[in-house]
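Enquirer: Sharing a structure here in structure tokens format.
Just so it is clear, none of the values below were taken in a lab; they were calculated from the coordinates. Here the structure is a predicted model, which means the values were calculated and not measured.
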Amino acid sequence: MSEENVNGATAPAEAATGPAFTVEKIYVKDVSFEVPGAPAVFAEAAQPQLQLNLSQNVQRVGENAFEVVLGITLTCSANDKPMYLAEVKQAGVFGLIGFDAATLDAMLGTHCPNVLYPYARQLVSDLIQAGGFPPFFLQPINFDALYAEGVRQRGAQSEGGLADAETAGNA
């Protein structure tokens with residue numbers, strides 16, 4: 001059986017003939033942390049309110065390479081005053097070869113953000129703690145459910161559904 005080197009690992013040559021998914025690079029594209037009311041905000045005794053916004057952007061960067069950017073914005077406020085704002089754009093370049101359009105869209109909308117999320121989650125947690133606040137851990141996110149809802153909404157907007165939709169990969 002012949003073997004070839006795939007991403008530093010040895011894999012059977014037969015595996016290269018079917019669909020292939022590779023993680024080429026994972027990196028932080030943008031990060032921001034603000035504490036607009038410091039130092040007075042640290043004396044605030046009110047129950048904080050959190051608002052989480054999640055975004056995803058997909059861009060083709062090569063014939064079989066895609067950049068996926070997972071954006072997380074976490075805003076914490078108390079008594080209608082902002083305590084902190086953490087923004088992270090965790091990105092990765094992924095190689096996807098041999099997938100049909102629907103499967104490619106699903107991989108970009110579910111599998112890629114699932115790979116990126118633990119990195120973004122850790123970075124958000126580290127930023128908040130380094131900002132002088134108690135540790136905060138984002139809960140797991142079901143990207144499969146978010147993707148399914150996005151597909152449903154795209155189908156409702158265009159009669160053609162996925163067959164006519166451009167590969168979006170957006171959850």
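Enquirer: Test of understanding: what is the full-extension gain from residue 28 to residue 40, defined as 0.36 nm times their sequence separation minus their Cα-Cα distance?
Expert: Full-extension gain reported as 1.3 nm.
Enquirer: Mind listing the phi-derived Karplus ³J(HN,Hα) values for the stretch 117-133, rounded to whole Hz, using 6.51, -1.76 and 1.60 with θ = phi - 60°, and x for any glycine or proline?
Expert: Rounded to whole hertz, the list is 4, x, 5, 5, 4, 5, 5, 4, 4, 5, 4, 5, 5, 5, x, x, 9.
Enquirer: Moving on to the next point. Compactness ratio of the stretch 40-155: Cα Rg over 2.2 N^0.38 Å, N = residue count?
Expert: My calculation over the Cα atoms of the stretch 40-155 gives 1.27.
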